[in-house]
Amino acid sequence: MEKFISYLQSKNHSQATQEAYLRYVNLFLEWLSKEPINTTKKDVLKYLQYLKDRKGQQNLTRKHNLIAINHYFTFLYRAEQVAENPCLFLKIRGTKKQTLYKIYSPEELEQLYDSYYTLFVKTFDDSHIPKNQRKQSALSKERNASILSIMLNQGTTTKEIDTIQLNDIDLIKATLKIRGGKKSNERILPLKAEQIGLLMNYIQNLRPKLLEYHTAENEYLFLPLPEYSKQTTDNQTLMHVFKPLTKQVKTLDKHFLNFKQVRASIITHWIQTEGLRKAQYKAGHRYISSTENYLPNDLQGLTDDINKLHPF
């Protein structure tokens, strides 16, 4: 099994995933009454049925078992220890609960941003904020406006916002590089014309002021602020920013749920206007199936249009 573990490590699986897959495979091999080399597709199907009938496992758990067993036989096949992978083309259905959101149009997302900037930056009344906290409050709102602009236009996740560095943004070419992660691919996305001035102002004027609150220089584009009770911070993550930002945006639109809804809206628009493959690249999806998960949102939009035209 050491070589199988090395195979899993080569696939960049986490330690927890490796341990889970190893456990699933060992349970399968204990159940199997023959050598792995003689395993057939029928054997795998019988095991999946056994997990359902005798172990009472739900489809999602059986799916994880199948993924682990598939990895094991892929490993054996590449090592030329089996003639074929008996798990090929096997799939557990009914494991995904697709969330359908209210899908925003590009115009609605633009209006959402304009409303945020007007209410929380341009005309924000800070008289209720203690005087010693007003500078940080103003900086955080202007920084958040730049963050919001990227999420509403480039469809990034909150985690991806946290990884953007200064050299990832090219204002001359009007592009933004989104770094790949464990589950996503790197991509380069175009910036809209109206974003250039906003981001230029942030980089040249706002970011240096934010950097004054940090104990050391760093290359991240968006910087967190210290807690109001502290003067400086060595914190690098922005994840605490998104909960209050979500609450603020919710006050602007009763249909707004979260930033996953924004990303779903943008990916759905890409599918409609540029096709699945380009949408896959722009979304950073490693597999086309991930992009296809957003097709029900596209279908929902079509259904809404039909109901408007033919309400009866």
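With only Lys, Arg, Asp and Glu charged, each at its Cβ (+1 for the first two, -1 for the last two), find how big the charge dipole of segment 1-81 is about the Cα centre; round to the nearest 20 debye. Walk me through the numbers on the way to the answer.
On the way: 13 positive and 7 negative charges, 71 e Å.
It works out to roughly 340 debye.
Which of 287, 72, 101 moves most in a GNM of the chain, Cα contacts under 10 Å?
Of 287, 72, 101, the most mobile in the Gaussian network model is 72.
Which net charge results when you count Lys and Arg as +1 and Asp and Glu as -1 among the other residues whose beta-carbon is under 12 Å from that of residue 108? If you can, show how the numbers build up before the last one.
Numbers: positive: 102; negative: 107, 110, 114, 253.
That works out to -3.
Which one of 289, 232, 73 has its Cα pushed farthest toward the positive end of the charge dipole of the chain, where Lys and Arg give +1 and Asp and Glu give -1 at the Cβ?
Going by the Cα projections, it comes out as 73.
Dipole size in debye (nearest 20) for the chain around its Cα centre, Lys and Arg Cβ +1, Asp and Glu Cβ -1? Spell out each step's value before the answer.
Working: 46 positive and 32 negative charges, 198 e Å.
Once rounded to the nearest 20, the dipole reads 960 debye.
List the pairs from 159/282; 11/63; 254/282 whose alpha-carbon separation is above 22 Å, in the order I gave them.
Numbers: 159/282 16 Å; 11/63 19 Å; 254/282 28 Å.
Checking Cα-Cα distances, 254/282 exceed 22 Å.
Could you size up the charge dipole of segment 6-158 around its Cα centre, putting +1 on the beta carbon of Lys and Arg and -1 on that of Asp and Glu, and report it in debye to the nearest 20? Kindly include the intermediate steps, with their values, before the conclusion.
On the way: 23 positive and 14 negative charges, 116 e Å.
Computed about the Cα centre, the dipole is about 560 debye.
Tell me, what is the FRET efficiency for residue 205 and residue 35 to the nearest 0.05, using R0 = 51 angstrom and their Cβ-Cβ distance as r?
Values: r = 69 Å, r/R0 = 1.35.
Taking R0 as 51 Å, the efficiency between residue 205 and residue 35 is 0.15.
Sticking with the crude label model, points 7 Å out along Cα→Cβ, report the distance from residue 185 to residue 126 in nm, one decimal please.
4.3 nm
Over what distance in Å are the Cα centres of segment 225-271 and segment 147-200 separated?
Between the Cα centres of segment 225-271 and segment 147-200 lies a distance of 15 Å.
Which one, 248, 236, 15, has the greatest fluctuation when you compute a Gaussian network model over the chain with C-alpha springs under 10 angstrom?
Checking each option, the largest mean-square fluctuation is seen for 15.
Tell me, what is the percent relative contact order of the chain, built from C-alpha pairs under 8 Å that lie six or more residues apart?
Dividing the mean separation by the residue count of the chain yields 16 percent.
When Rg is the radius of gyration of the Cα atoms in the chain and Rh is its Kirkwood radius, what does Rg/Rh come to? Each step should come with its number before you reach the end.
On the way: Rg = 24.6 Å, Rh = 23.1 Å.
Taking Rg over the Kirkwood Rh, I get 1.07.
Using only helices, what value at 222 nm comes out for the chain when you add -39,500 (n - 2.57) per DSSP H run of length 4 or more and divide by the total residues, to the nearest 500 deg cm²/dmol? Let's see the in-between values first.
On the way: 14 runs with 163 residues, N = 312.
It lands at -16000 deg cm²/dmol.
Using the basic label-point model (7 angstrom from Cα toward the beta carbon), what is the residue 274 to residue 59 distance in nanometres?
Roughly 3.2 nm, to one decimal.
For the chain, which DSSP H helices look membrane-span-like by this rule: Cα extent along the axis of 27 Å or more and mean Kyte-Doolittle of at least -0.5? Provide the component values of the computation, followed by the final result.
Numbers: long enough: 59-78 (28 Å, -0.30); 134-154 (30 Å, -0.55).
Sorted by number, the helices that extend far enough and score high enough are 59-78.
Measuring from the lowest to the highest alpha carbon on each principal axis, how far does segment 19-95 reach, largest first, in angstroms?
34, 25, 23
In the neighborhood of residue 220, defined by Cβ-to-Cβ distances under 14 Å, what is the net charge if each Lys or Arg adds +1 and each Asp or Glu adds -1? Before the final figure, lay out each step's value.
Numbers: positive: 143, 159, 177, 179, 207; negative: 160, 162, 168, 217, 219, 234.
That sum, taken over residues with Cβ under 14 Å, equals -1.
Can you find, among 13, 216, 245, the residue sitting farthest towards the positive end of the charge dipole of the chain, where Lys and Arg contribute +1 and Asp and Glu -1 at Cβ?
Farthest towards the positive pole: 13.
Readers should treat all values here as calculations from the given coordinates under stated rules, not as data from a laboratory. All values reported here derive from a predicted model rather than from experimental measurement. With ideal geometry, Cβ positions are generated from the backbone for all residues, glycine too; neighbour counts draw on all protein chains shown.
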